[in-house]
Amino acid sequence: MKSDFFKKNRQRIYDELGDGLLVLSAYDYMQQTVDGSYPYIQESSFWWASGLELPGWRLLIDGPKRESWLVAPILSRAEKVFDSYYSRDEATSISGVFRFLDEESLFERLKGRRVLTLKPHPSNSSIFTINSAPGRLWGQSKDYATTVEDARPLLAKLRAIKQPEEIESIKKAISITIDGFEMVSSKLSTYQNEIEIAADFTHHFMMNQATHAYEPIVASGKNACTLHYSRNNSPLEDGLVLLDIGAKYNGYSADITRTYSIGDLSLRQRSVHEAVNHVLHEVVGYISSGVSIADYIRFSNDCMARALVELGLIGSKNDKAAFRRYFPHAISHGLGVDVHDSLGGADEFLDSMVLTVEPGIYIPEEGFGVRIEDDILVTKTGCLNLTRDLASVL
């Protein structure tokens, strides 16, 4: 993205901040070994507002003044030798921010002000190791500001409505991903192991200046019943193989799933695949600007429950426990910088939102699962299936 894109994002933030300040932090490196880190991934809202992809930086956005400042990290000589870093000129060229502060001056500006910053997610601490940088800034801000508020609702609202540059980047990520699916599906019979399929996607993405938006899922047979299966190292079995894979291009993600047949396919497996594909098309047809998201969820659950009854997996559409046994995840999520982007807390779909639709049926006792996932752009008159060029039928 060019610096004008990040400038426009900050202009949108100015319009929403009122009398407040927004302060954001880049993520820290996460330690992997004694002297090494995991591959670095930037905090997505910090990137969306600045374009900077390295740790240690902070960004201050002043609503009333409609001005922004960067705080550069203080790096040791060793850090400059071993790690990538930006000069101030490079940071300005990327972000369009040309004012700089030191950390002491940053906190002086917070005194007596209403400050928005990212509040840590304590509910995730039992599942994930949380990057400490946003939480540290939250605590520091409370030492200076009059009030400190969580910036996530404001940022999620702004990020939920995709700008033209964002939509084009998502479309490009999808195009690269579709090309990968078509390449792999054309030679499925030549693969012996899940890892070979994952490797071909990785090579294809890298040759197209893209990366994986998330860990690829190549799940043969019963492995498809593990929703975020990531081992990708089992021999391919006759039957079904589930591929949930997306490219990340220019900062934006694709998220596509197809379930393909390898060798002999049973009538049962084909029936389940057809049922999931039918639900997909029913649910996509419901999406339009102005449609209640709560109504959409009820409609999609009704479609899925009807399919499960017809397949003999549950006895009644009202058996919620049995329903969740075979369809244990949400029907949709937002898509953008993050693979699971927020829809901004909206009550209804809005023009230029992007979301996935991903019905799935998983039957551990029968040793297979099916998921089909498309990426959808909400429009004023309905929706556009951005993944329509990739066949979803067997």
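Just so it is clear, none of the values below were taken in a lab; they were calculated from the coordinates. Keep in mind the model is a prediction, meaning the values are calculated, not measured. Positions of Cβ are generated from backbone atoms using ideal geometry, with glycine treated the same way; all protein chains shown enter the neighbour counts.
The modelled label-to-label distance for the pair HIS340/TYR29, using points 7 Å beyond Cα in the direction of Cβ, is 2.8 nm. Since only THR202, CYS225, THR190 are under comparison, the one whose Cα sits farthest along the positive direction of the charge dipole of segment 124-272, derived from C-beta charges on Lys, Arg, Asp and Glu, is CYS225. Were the residues from TYR260 through GLN192 laid out at 0.36 nm apart, the gain over their Cα-Cα distance would be 23.0 nm.
Rounded, prolate or oblate for segment 14-67? Axes are the square roots of the Cα gyration tensor eigenvalues, ordered a ≥ b ≥ c, and the cut-off for rounded is a/c under 1.5.
On the way: a/c = 4.07, a/b = 3.28, b/c = 1.24.
Prolate shape, in that a/c is at least 1.5 and a/b is the bigger ratio.
Annotated for segment 161-385: lysine pairs at least 8 residues apart or interchain, Cα distance under 29 Å, count 16.
With N set to the number of residues, divide the alpha-carbon radius of gyration of segment 234-314 by 2.2 N^0.38 Å and report two decimals. Walk me through the intermediate numbers first.
Numbers: Rg = 15.9 Å, N = 81, 2.2 N^0.38 = 11.7 Å.
Here the Cα radius of gyration is 1.36 times the empirical estimate.
Going by average Cβ neighbours within 10 Å, how do the peptides 110-121, 235-246 rank, with the highest at the top?
Answer by packing, highest mean first, reads 235-246, 110-121.
If you take all C-alpha pairs in the chain, what percent of them are over 34 Å apart? Mind showing how you got there, number by number?
Working: 27788 of 77421 pairs.
I get 36 percent for the Cα pairs in the chain exceeding 34 Å.
Given segment 1-94, what whole percent of its Cα pairs are spread farther than 17 Å? Intermediate values should be presented prior to the final figure.
On the way: 2340 of 4371 pairs.
Here the tail beyond 17 Å accounts for 54 percent of pairs.
Approximating the spin labels as points 7 Å out from Cα along Cα→Cβ, the GLU274-to-SER185 distance works out to 1.8 nm.
If packing is taken as the average number of other Cβ atoms within 10 Å across a peptide's residues, how do 269-276, 387-394 rank, most packed first?
Numbers: 269-276: 19.6, 387-394: 15.0.
Ranking, from highest mean packing down: 269-276, 387-394.
When the expected Rg is taken as 2.2 N^0.38 Å, what fraction or multiple of it is the alpha-carbon Rg of segment 3-159?
On the way: Rg = 15.3 Å, N = 157, 2.2 N^0.38 = 15.0 Å.
Segment 3-159 yields a ratio of 1.02.
Among DSSP beta bridges whose residues both lie in segment 3-159, state the antiparallel percentage, nearest 5. Just about 60 percent of them are antiparallel.
The helix-only estimate of mean residue ellipticity at 222 nm for the chain, built from DSSP H runs of length n ≥ 4 each weighted as -39500 (n - 2.57), is -11000 deg cm²/dmol after division by the residue total. What shape does segment 235-379 have by the C-alpha gyration tensor, where a ≥ b ≥ c are the square roots of the eigenvalues, rounded means a/c under 1.5, and otherwise prolate means a/b greater than b/c and oblate the rest? Cα axes put segment 235-379 in the oblate bin.
For a quick protection proxy, order the peptides 379-386, 28-35 by their average other-Cβ count within 10 Å, most packed first.
379-386, 28-35
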